[in-house]
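The structure appears right after this line, and notes come after that.
Every number here is computed from the coordinates shown, using simple stated rules; none is lab data. Since this is a predicted model, take the numbers as computed values, not measurements. Glycine gets a Cβ as well: all are built from the backbone with ideal geometry, and neighbour counts include every protein chain shown.
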Amino acid sequence: MYELDCAEVIPGCARVIRAESRVEVIRRAVVQAKQLGVEQITPSMMDAFRDKTKERLN
């Protein structure tokens, strides 16, 4: 299981995104950013998504 506290990357986001894969967490984070009004996902934002996504052991 992987998770991302999106408040660490997207201002105003109050979600913790969880998924079975790192790729799915990042995909959901991109969707969330767009829902919060982020018009363009920059390379630095993608880097932050990757860097802040953590694996959680059950």
_Meets criteria (surrounded by 11 or more Cβ atoms within 10 Å (Cβ to Cβ) and among the small types (Gly, Ala, Ser)) for ALA14_ = no
*asked:* On the basis of being surrounded by 17 or more Cβ atoms within 10 Å (Cβ to Cβ) and in a loop (DSSP other than H, G, I, E, B), does ILE26 make the cut?
replied: no
*Which one of the conditions (1) assigned to a helix (DSSP H, G or I); (2) without any contact (Cβ under 8 Å) to a residue 24 or more places away in the chain; (3) among the polar types (S, T, N, Q) does GLN32 fail to meet, given that it meets all the rest?*
(2)
*Pairs under 9 Å by beta carbon, first residue within 9 Å of PHE49 (Cα to Cα) in the stretch 1-27, partner part of a loop (DSSP other than H, G, I, E, B) and among the hydrophobic types (A, V, I, L, M, F, W, C), six or more apart or different chains?*
CYS6/CYS13; CYS6/ALA14; CYS6/LEU36
*Confirm whether ARG18 is in a strand (DSSP E or B), within 10 Å of the chain's Cα centre (by Cα) and among the basic types (Lys, Arg).*
yes
*Among (1) touching a Ser or Thr at 6+ places or on another chain (Cβ under 9 Å); (2) part of a helix (DSSP H, G or I) - the single one LEU4 does not satisfy*: (2)
